[in-house]
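What follows draws every value from the coordinates through simple rules; no lab data is involved. These numbers were taken from a predicted model, which means no experiment stands behind them. Cβ sites come from the backbone with ideal geometry, for glycine too, and all protein chains shown count toward neighbours.
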Amino acid sequence: MAASPTQVVGATAPGDLKFRDISGPDGKPDGKITDADRTFIGSFLPKFTYSLNYSASYKNFDASIFFQGVQGNKIFNAERVITEGMIRLFNSGTAVLDAWTPTHTNTNIPRAVSGDPNGNARVSTRFIEDGSYIRLKNVIIGYTFPGTNLTSWTHGTVKSFRLYISSQNLFTVTKYKGWDPEVGSRRTTLTNGIDYGQYPSARSFQFGIQAGF
């Protein structure tokens, strides 16, 4: 049963998250969940970073693509604390509609209760996600008009003429649930790997002309 607003702080009830008790001797449970049960749950540093740059041409066409990615880092999705943590009475996400109730127990969203007496929204592996991704960072496709044709068409005025289209951040492959796995830092390096809902990298397209006279 969901707790009433007057429930004692620290009380635990059905529908709450379970936290691992590791603070006893030899890492065994001591029957209490305290600050001593905190442990390392992930690093924002990736195990490795990688990139791929490839250029090719065929007749008068040319193309260049650039992929980049990281593997093995963790992100603390602080945005989910706001949208799923139910720590305030407004601006929650639709995920809270799947919260635990006595008649709806097959869910990973804890019960909705005033005051969060069990601390379900505290920092835990609940909000830690895999930040690995691969992104098509840049792609350019161009076409260069043959020089002999240009000379004929422009009476020698234009020596070279190329049309191209390019795009940045065309797509990203990731399991991360936030807006953008490339979260960086906010104000200081102490916030590395914490996603506060930073504006994601924009997808953009450009069309250009290169001409030589």
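What is the antiparallel percent of DSSP beta bridges lying wholly in the chain, to the nearest 5? Provide the component values of the computation, followed by the final result.
On the way: 46 of 48 bridges.
Antiparallel bridges: around 95 percent, rounded to the nearest 5.
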Return the subset of 137/175; 28/74; 74/137; 18/74; 28/175; 28/177 for which the Cα-Cα distance in this structure is over 24 Å, preserving the input order.
28/74; 28/175; 28/177
Residue 169 versus residue 47, label points 7 Å from Cα toward the beta carbon: distance in nm?
2.7 nm
Scoring only Lys, Arg, Asp and Glu (+1, +1, -1, -1) among other residues with Cβ under 15 Å from the Cβ of residue 137 yields 0
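Summing Lys, Arg as +1 and Asp, Glu as -1, what charge do residues with Cβ under 12 Å from the Cβ of residue 17 carry, residue 17 excluded?
Numbers: positive: 18, 20, 111, 122, 126; negative: 16, 84, 116.
Neighbourhood net charge equals +2.
Using Cα pairs under 8 angstrom and six or more residues apart, how large is the relative contact order of the chain, in percent?
Values: 411 pairs, mean separation 45.5, N = 213.
Worked out over the chain, it gives 21 percent.
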D_trans [Stokes-Einstein, Kirkwood Rh over alpha-carbon pairs] for segment 103-213, 25 °C, 0.890 mPa s, µm² s⁻¹:
128 µm²/s
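How many Å³ per residue does the convex hull of the Cα positions in segment 56-115 occupy?
On the way: hull volume 11.4 nm³, N = 60.
Given the Cα convex hull of segment 56-115, per-residue volume reads 190 Å³.
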Using the Kirkwood radius built from alpha carbon pairs, what does the Stokes-Einstein equation give as D for segment 164-213 at 10 °C and 1.306 mPa s, in µm² per second?
117 µm²/s
How high is the FRET efficiency from residue 35 to residue 188, r the C-beta distance, R0 30 Å, rounded to 0.05?
0.80
How many angstrom lie between the Cα centre of segment 58-72 and the Cα centre of segment 114-178?
10 Å
If 135, 126 are placed from fewest to most neighbouring beta carbons inside 10 Å, the sequence is 126, 135
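Going by C-beta contacts inside 10 Å, put 83, 172, 105 in order with the fewest on the left. Walk me through the intermediate numbers first.
On the way: 83 15, 172 19, 105 9.
Sorted ascending by nearby Cβ count, the order is 105, 83, 172.
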